[in-house]
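Reviewing the structure listed below.
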């Protein structure tokens with residue numbers, strides 16, 4: 001696992017400077033503090049900040065092929081690199097390291113862009129072809145590892161984090177109002193644009209080719225539930241045991257592959273179904289005693305420690321838990337925003353940021369987690385909500401069908417306190433519009449839109465130039481019309497929530513802030529292909545989520561854990577910022593003067609929201625989200641727009657290898 005950086009000249013100009021690469025790598029030394037490498041060439045410069053996990057002795061980057069015509073910097077892991085290497089050696093390729101990095105170079109040399117479909121992993125890399133004078137950038141299927149880029153005055157600048165690009169003398173930070181609105185509604189950008197104008201992310205499952213003629217971006221993997229896009233498994237829809245056995249086999253192999261490392265591997269344990277099963281599989285496969293890590297909360301509304309302890313005892317793991325107070329979240333929030341590089345309408349990334357610090361303190365670099373199971377196997381309440389509303393829509397005047405909704409969202413106090421009549425009215429909006437591709441998410445997005453009422457008149461005026469609803473601008477795949485209702489809902493959770501929020505702000509950013517690599521067996525390519533083909537009724541059976549997963553591997557964990565209802569991971573919001581020791585930055589950045597200066601929000605509206613919190617009045621879910629969204633936007637503006645102060649460039653005292661070609 002690493003961080004990468006680079007500059008590529010699209011037009012004839014001065015060669016990229018070594019000092020600029022040192023500046024870029026200096027901002028991400030937290031991602032890879034073990035070694036640094038720089039390649040300098042008249043048309044390009046590549047940089048790597050390495051976190052040594054595989055081939056500790058000889059895997060320094062950049063790495064090249066035999067004739068030094070191809071050079072790579074790489075962030076991530078290709079877990080099936082051993083099998084790929086054996087195939088490439090049979091084809092005549094010669095290796096000088098044991099790293100998966102070198103496997104990518106030779107695979108590209110052999111197969112070109114087609115090599116990507118052979119990689120089972122999580123990656124973002126840049127490969128410089130000196131013969132073609134061409135740069136090749138690529139990203140993994142679902143976007144586990146980030147890759148940002150910008151084009152400025154004939155130069156393509158790229159890196160693992162946006163802050164690297166902002167050290168370039170031709171680039172500066174300006175927040176994009178359209179993306180800000182999308183984040184307040186979707187929790188993330190609705191496109192490849194980042195919050196910073198002019199800086200974009202290479203989309204998941206895509207590659208870019210850059211040369212003197214410009215840049216071209218192509219998709220190499222699609223999130224599709226079209227059976228023609230996957231190899232058929234040959235299982236009948238009603239063969240429950242057959243599907244369960246197939247999932248068990250594939251997830252076990254996925255976990256085994258993700259234990260490949262030359263350093264110890266741990267696991268996150270939330271006490272829910274997904275992480276418990278992954279931890280159980282590791283214990284089954286891996287001989288050394290597993291080190292597991294958990295988050296507990298002093299606030300009982302969010303605490304799951306009793307389930308975590310039960311699983312840890314059942315699996316006999318070496319368990320470490322950190323207890324999170326409201327004050328801890330408020331204190332760490334500015335550092336999380338610095339690493340996330342985006343506004344956040346939730347505080348959930350903060351405890352995970354603190355947990356990764358504990359993993360680092362325990363001298364581990366790698367943890368396995370359960371992300372991806374909910375999205376691909378039907379685990380969220382929003383899938384049940386969609387099913388109930390569609391059932392209700394078939395008889396919209398029914399006096400009882402909507403009551404099924406009362407079984408959902410038991411973990412959200414604001415929802416449980418709603419009167420039955422209000423609850424019915426809340427979920428009835430757009431009830432019969434079942435033809436809409438985003439029907440499943442309409443209620444959530446409409447509700448989140450209320451957060452935008454805090455925007456300043458100037459910002460709202462700029463946004464209203466395009467008289468459109470955000471969700472009408474989303475472009476679903478053409479094949480979606482052939483999918484079932486659950487699969488349509490899954491697409492939006494995977495395309496937006498998983499790829500652009502969960503794996504980013506709540507995944508890569510907070511883990512790599514402390515040089516910790518997360519690995520996700522549920523996102524293995526073979527597990528994904530099975531989940532894409534699995535019958536709807538095996539993912540969500542009635543209102544029982546992840547039925548197939550429980551059937552396949554529930555026996556590995558305590559029975560009550562295997563039967564637990566999904567409880568989404570959440571963290572307290574407004575109480576984390578307003579308490580007996582309210583942090584000074586909260587008061588400063590939410591003051592009318594600071595709100596007026598930044599220009600994103602209405603000072604009077606924010607002041608009223610703050611007064612409600614300080615007076616102890618209850619907040620609804622959207623107002624709670626607005627507190628985090630407003631404060632994080634103010635922090636981002638302060639950290640990146642008004643006073644961007646990146647860490648110092650790599651110095652001569654650090655382990656930096658420089659190669660000139």
Requested in this report: State whether the residues of region 20-35 include one that is within 14 Å of residue 652 (Cα to Cα), at pLDDT below 95, within 26 Å of the chain's Cα centre (by Cα) and surrounded by 19 or more Cβ atoms within 10 Å (Cβ to Cβ).
Outcome: yes
Query raised in the report: Taking the stated definitions as given, is residue 433 part of a loop (DSSP other than H, G, I, E, B) and not assigned by TED's automatic domain parsing to the domain that holds residue 335?
Result: yes
Report task. Could you tell me whether region 562-571 includes any residue that is more than 30 Å from residue 276 (Cα to Cα) and at pLDDT below 95? Result -> no
Report task. For region 499-545, enumerate the residues that are assigned to a loop (DSSP other than H, G, I, E, B), touching a strand residue (DSSP E or B) at 6+ places or on another chain (Cβ under 8 Å) and within 30 Å of residue 388 (Cβ to Cβ). Result -> 520
Report task. Test residue 633 against the stated conditions and say whether it is touching a strand residue (DSSP E or B) at 6+ places or on another chain (Cβ under 9 Å) and modelled with pLDDT of 95 or more. Result -> yes
Report task. State yes or no: is residue 186 crowded, with 20+ Cβ neighbours inside 10 Å, outside the structural domain of residue 496 (by TED's automatic domain parsing) and out of contact with any strand residue (DSSP E or B) (no Cβ under 9 Å at 6 or more places or on another chain)? Result -> yes
Query - Every pair of residues 6+ apart whose Cβ atoms lie under 7 Å, when the first sits in region 115-142 and is assigned by TED's automatic domain parsing to the domain that holds residue 256 while the second is assigned to a strand (DSSP E or B) - result: none
Query - residue 450 vs. criteria surrounded by fewer than 18 Cβ atoms within 10 Å (Cβ to Cβ), more than 30 Å from residue 225 (Cβ to Cβ) and within 25 Å of the chain's Cα centre (by Cα) - result: yes
Query raised in the report: When you go through 556, 549 one by one, which is the residue that is buried (at least 22 other Cβ atoms within 10 Å of the Cβ), outside the structural domain of residue 183 (by TED's automatic domain parsing) and in contact (Cβ under 8 Å) with a residue 24 or more places away in the chain?
Result: 549
Requested in this report: Residue by residue through region 1-16, note down the ones that are assigned to a loop (DSSP other than H, G, I, E, B), closer than 26 Å to residue 34 by Cβ and at pLDDT 95 or above.
Outcome: 16
Report summary line: Over region 216-265, the set of residues free of Cβ contacts under 8 Å to residues at least 12 places away in the same chain, outside the structural domain of residue 192 (by TED's automatic domain parsing) and under 27 Å from the mean Cα position of the chain (by Cα) is 249
Query raised in the report: Name the pairs: first residue in region 190-213 and at positive phi and in contact (Cβ under 8 Å) with a residue 24 or more places away in the chain, second residue surrounded by 19 or more Cβ atoms within 10 Å (Cβ to Cβ) and assigned to a loop (DSSP other than H, G, I, E, B), Cβ to Cβ under 6 Å, at least 6 apart or on different chains?
Result: 205/141
Query raised in the report: How do the pairs read when you match residues in region 464-481 that are modelled with pLDDT of 90 or more with residues anywhere that are in a helix (DSSP H, G or I) and surrounded by fewer than 16 Cβ atoms within 10 Å (Cβ to Cβ), using Cβ under 8 Å and keeping only pairs 6 or more apart or on different chains?
Result: none
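The values are calculated or read from the model by the stated rules, or taken from the named source; none is laboratory data. These numbers were taken from a predicted model, which means no experiment stands behind them. Positions of Cβ are backbone-derived with ideal geometry, glycine not excepted, and every protein chain shown enters the neighbour counts.
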